[in-house]
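S.K.: Structure incoming, see below.
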Ligand code: UDP
């Protein structure tokens with residue numbers, strides 16, 4: 001099979017790992033997603049993964065707690081997910097390394113860009129935990145940052161809807177799906193694709209982004225092979 005993207009940065013939100021319960025980890029869902037990641041890796045695609053943490057904790061919805069502290073907890077949540085995804089991938093026979101933006105060397109390697117690239121070149125999947133390592137940022141921003149650093153061809157943002165719509169397709173029957181958008185349109189139309197920091201990073205560094213539905217995990221393989229899947233955001 002011909003592959004279109006040689007190196008991808010896959011953003012998996014916490015929600016994507018939680019399944020229908022919306023909290024914690026759903027191993028059936030995770031196994032299906034990880035099988036697609038394994039199939040992609042088997043095609044020779046180099047895969048970095050940024051995991052979210054919203055299935056355990058979100059700093060911005062933590063009520064009265066000091067935001068910085070709440071975000072520290074959020075970053076720990078992303079690490080829990082990173083370790084869990086690594087475990088499922090390993091169980092499927094995939095070689096994985098977890099790197100965290102905040103050192104916790106008993107659990108994982110610290111994030112070192114050159115080492116991450118070396119792992120990718122050797123065919124290892126690299127999972128990035130702790131987001132950017134800074135409070136007030138999101139894992140979407142971490143995805144755009146890591147994609148820029150590792151020189152990824154594209155960010156794959158796996159979501160629960162099959163692309164970007166002009167309004168919420170769960171609420172409006174006449175919601176229209178976009179096949180193609182520019183980052184400026186995403187920002188200008190205030191489309192809920194990613195936060196503005198992450199969107200600016202993509203625009204400034206010319207990183208394309210493909211938004212697609214993870215409920216059909218095969219979408220990951222279809223997308224790396226260049227099949228039309230989801231919404232492509234470029235430029
Ligand atoms: N977080 C952070 N800095 C980062 C990335 C994440 O402080 O660079 C914290 C923040 O509290 C965030 C939480 O980790 O709410 C989980 O990340 P996110 O909300 O992006 O996860 P997702 O919505 O993708 O599951």
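Any read-out appearing in this document is the output of simple, stated calculations on the displayed coordinates, not a laboratory observation. Just so you know, these numbers come straight off a predicted model, no measurement behind them.
S.K.: So how many Å³ per residue does the convex hull of the Cα atoms of the stretch 3-143 work out to?
M.R.: Values: hull volume 14.3 nm³, N = 141.
Residue-normalised Cα hull volume stands at 102 Å³.
S.K.: Send over the per residue convex hull volume for the chain, Cα only, as a whole number of Å³. List each step's numbers first, then the result.
M.R.: On the way: hull volume 28.4 nm³, N = 235.
About 121 Å³ per residue, rounded to a whole number.
S.K.: Calculate for the chain the 222 nm mean residue ellipticity that helices alone would give, adding -39,500 (n - 2.57) per DSSP H run of length 4 or more and normalising by residue count, nearest 500 deg cm²/dmol. Intermediate results must be reported in sequence, preceding the final value.
M.R.: Numbers: 8 runs with 88 residues, N = 235.
Calculated at 222 nm, the ellipticity per residue is -11500 deg cm²/dmol.
S.K.: What percent does the relative contact order of the stretch 132-235 come to when contacts are Cα pairs within less than 8 Å and at least six residues apart?
M.R.: Working: 170 pairs, mean separation 36.7, N = 104.
It rounds to 35 percent for the stretch 132-235.
S.K.: Evaluate the Kirkwood expression for the hydrodynamic radius of the stretch 89-194, namely the inverse of the mean inverse distance over all pairs of different C-alpha atoms, and round to one decimal in Å.
M.R.: Working: mean 1/r = 0.0619 Å⁻¹.
Computed over the stretch 89-194, the radius equals 16.1 Å.
S.K.: What number results when the radius of gyration of the stretch 126-181, computed over Cα atoms, is divided by 2.2 N^0.38 Å?
M.R.: Working: Rg = 14.7 Å, N = 56, 2.2 N^0.38 = 10.2 Å.
With N residues counted in the stretch 126-181, Rg over 2.2 N^0.38 Å equals 1.45.
S.K.: Report, please, the projected area of the stretch 184-235 averaged over directions, based on the convex hull of its C-alpha atoms, in nm². Could you put the intermediate results ahead of the total?
M.R.: On the way: hull surface 15.3 nm².
Answer in nm², one decimal: 3.8.
S.K.: Where Rh denotes the Kirkwood radius from the mean inverse Cα pair distance, what is Rg over Rh for the stretch 40-93? Show your work: numbers first, answer last.
M.R.: Numbers: Rg = 14.6 Å, Rh = 12.7 Å.
That ratio is 1.15, to two decimals.
S.K.: Another question, then. Can you pull the Rg over Rh of the stretch 70-126, Cα-only, Kirkwood?
M.R.: Reported Rg/Rh (Cα atoms, Kirkwood Rh): 0.99.
S.K.: Would you mind classifying the stretch 11-76 by shape? Square roots of the alpha carbon gyration tensor eigenvalues, ordered a ≥ b ≥ c; an a/c under 1.5 is rounded, otherwise it is prolate if a/b is larger than b/c and oblate if not.
M.R.: Values: a/c = 4.67, a/b = 1.96, b/c = 2.38.
Cα axes put the stretch 11-76 in the oblate bin.
S.K.: Whole percent per 10 Å bin, from 0 to the bin with the longest distance: what is P(r) over all C-alpha pairs of the stretch 134-235?
M.R.: 15, 48, 32, 4
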